[in-house]
1. Fully extended, how many nm does the chain gain between Thr502 and Lys20 (0.36 nm per residue separation, minus their Cα-Cα distance)?
2. With a 1.4 Å probe and all protein chains left in place, how much accessible area per residue does the range 216-300 have, in Å²?
3. Could you compute the net charge surrounding Gly222? Neighbours are other residues with a C-beta less than 9 Å from the C-beta of Gly222; K and R count +1, D and E count -1.
4. Rounded if a/c is under 1.5, else prolate if a/b is larger than b/c, else oblate: which is the range 319-375, with a ≥ b ≥ c the root eigenvalues of its Cα gyration tensor?
5. Describe numerically, in nm with one decimal, the distance between label points set 7 Å from Cα along Cα→Cβ at Glu193 and at Arg152.
6. Can you check what the net charge comes to around Phe236, using other residues whose Cβ is under 13 Å from the Cβ of Phe236 (Lys, Arg +1; Asp, Glu -1)?
7. Listed highest first by mean packing, meaning other Cβ atoms within 10 Å per residue, what order do 85-91, 507-513 come in?
8. Net charge near Ile110: determine it from the other residues with C-beta under 9 Å of the C-beta of Ile110, scoring Lys and Arg +1 and Asp and Glu -1.
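The values are calculated or read from the model by the stated rules, or taken from the named source; none is laboratory data. Treat the numbers as computed from the prediction; the structure is a model and nothing was measured. Cβ sites come from the backbone with ideal geometry, for glycine too, and all protein chains shown count toward neighbours. We work out accessible area using only protein heavy atoms, side chains counted, and drop any ligands, DNA or RNA first. Shrake-Rupley method; radii C 1.70, N 1.55, O 1.52, S 1.80 Å.
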Amino acid sequence: MAAENYSNGGPDSNPCYLQKFGLYSTCSNFYMIGRDKNQTVWRVLKIHRLDSSELTILEDPTTYSEFECFDLLRRIHDGNRSTGGLNFVTACYGIVGFVKFLGPYYMLLIKKRRKIGSICGHNIYAVTKSEMIPISNSPDQSNVAYSKNEKRYKKLLCAVDLTKDFFFSYSYNVMDSLQRNLCKNETGLGHYETMFVWNEFLTRGIRNNLNNTLWTVALVYGFFKQVKLSVSGRDFMFTLIARRSRHYAGTRYLKRGVNEKGRVANDVETEQIVFEDVPKGCPTQISSVVQNRGSIPLFWSQETSRLNLRPDIILSKKDPNYDATRLHFENLVRRYGNPIIILNLIKRCEKKPRETILRAEFANSIRFLNNSLTEEDRLRFLHWDLSRHSRKATKSVAVLSRVADYALNLTGIFYCQVTPNFRPEGLLNLSCLVQNDEKLGKDAGNDKQNSSENVKPPMFQNGVLRTNCIDCLDRTNVAQYAHGLMALGRQLHAMSFIESHTIDQNSPLVDELMTVYEEMGDTLALQYGGSAAHNKIFCQMRGQWKAATQSQEFFRTLQRYYRNAYLDAEKQRAINLFLGHFQPQQGKPALWELDSDQHYTVGSHGLNSDEYAKPSFKRSLSDGNILYGTNTSMAASNVGHLEPLSENLGATQGLSDSSSEMPTSEISYSRMSCKQLFGDMEMDHFFEGNRICFDENGDECNCTNFDMDWLSSSGNSCDDDTCDRSTTGPFSENIGVELKTKIATSSSESGSSIKGGYRTTSELTFDGIPAEFSEIFVNWVTHGDMLIPIMITSR
């Protein structure tokens, strides 16, 4: 919700945010009364009810006092006594938007909210109850409004549960990172058009009509968690935010890879914010780090099957110049600046090629893109097969931590000291930064703060670490935890909480951070995959009972399979309806009558669905629109961690959308293991600089991009590369090869804490799988083959 300047009808330096609303109705109009937090500003909105075909909204420009506002309502009531007067409908906390199916318009309201945290004094809320109210009072619409299709569309839209994982703020742009909020100070309509505002389509009509966002809230979908932690006897607030992109959004098997505009499936921005827990009104230190996850940016898919838990990966060759891949990375640069570091966690060796097909093609795409770029602009590309090494959880996280340290050395972190925001609900901006000549405090009781000691200069993040596996869920979450742990050490060091850049592995912070990241991983996995994440690595690090973990992983695999096979098609339709990718029209096919997804039929890079067998389920319609789409050429950029962001200097754009540079580095991918290529080179030496090595073609390449499997592998054979059990699940990571029954459930991408009851040892077979399942069924889940074998006979 954007700020509006009003004070007795004129502009004022103090912005106004309407936070509480009352809805009233007459026979011909709705009247929405909004007030600010302090009940000093009252506004009126009128919505016409008689014209069902158009959305007509009028805003009264007058700013009322409480007495004047209720006097106005009394006069409206008196003027409509002959038709029933003015009636109170409901109280609410903001408008989510307006939607029209085949009949009248509906208004979506937030009925109840819950505070879940605050950032620099700006409250963040979750939706706890919402309501859809029909606007039209025209009698000729009654038959359409209650038609079968109209009811089904209403039910479909309500399937997007706003009370689960949606959050918003009236005064803080929660759809943007802290660094961007402080450095760009953007307000108003532009924020609704960003990729993380899920009700952009629903609010488009009222925003265009009123040319403001005073009455609506911008909903972000993903994850928000804020907890108080302590280190060395000092408290600090830890906030973890995950923002899911609305572009090319959907479910696991129905949204894979990239679309024609460079948008990828399961695109999630993760931000980790740390700030001092100080009394209200005192200057504070604050720091944030952003990382990204997203599907492999190639044209690939997996068709849903009710019999095969691990469907084959279908890779298209329709984009030989990798134009969509290029668009994707150009968009990352506009959002985050340089450099872009890519961490690819998929398998490097399989008995039956599945993930390895994507691994090779992804490497080829990066090589192709880097060939057309200057050395300083090249993508930094890292390979590491996490599933191969997941049995040794501590060692796996240690390797990932080294990668995170390498990435953080390149991107830096955001850090600054901010003064209290004395405006009631003002947006953060650079004016909040403590100046070098400003004292830390004025408290007479604190001699240290009364000193004239200069404060630390701000630091800025430039570039981002992008992590992916197949689903970007289970393995990716472990890697993001390792990055978060390394980043937390740097954040606390910048704030002078600890002396070292790293956190002691015996510190309680390690487990506390793991808990928050595990919760985020479960939430994101439920949204995209249909079950909580496979968290075997986290369970191993906690020393949890292996058999119970295996049983839990088995049931999560079944849960993913069921939701993917039977529920995801309807969920995809609901998402596309909510986002406006499909808009119902009289006389046109209904959403559930469509056979295929536009991703496979539209655009120069789209796949031709006729190439493949007809999918088991209908795909939902989606346009995958890209924002700020451009073919701007990519230019060089230097990273400066201590320079403020500037719209004129690409090198310091940081997390802005306007940067046009492209980071890079050549790729050292090889079908040979890197241990064969590089011998016994230590990882420390590898991260020190740009070593020259030879790739599979015998050409020299830059070793800032490399395959890290040799760092933790004791050999080059693929014989021990047995697939983790979670990889056979319908929604779990598709790592690939068939499992041996004895280790069927012993290894998933990562385990998870057991929240249900434990089973006795006698109740468990197949290394933890409950005995009530038949061996055929267990083998089906374990190996991912067809449940009912197809018998082929010769004549």
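1. Full-extension gain reported as 169.1 nm.
2. 21
3. Every neighbour counted, the sum reads 0.
4. prolate
5. With each label placed 7 Å out from Cα toward Cβ, I get 3.6 nm.
6. -2
7. 507-513, 85-91
8. Taking every other residue near Ile110 into account, the sum is +3.
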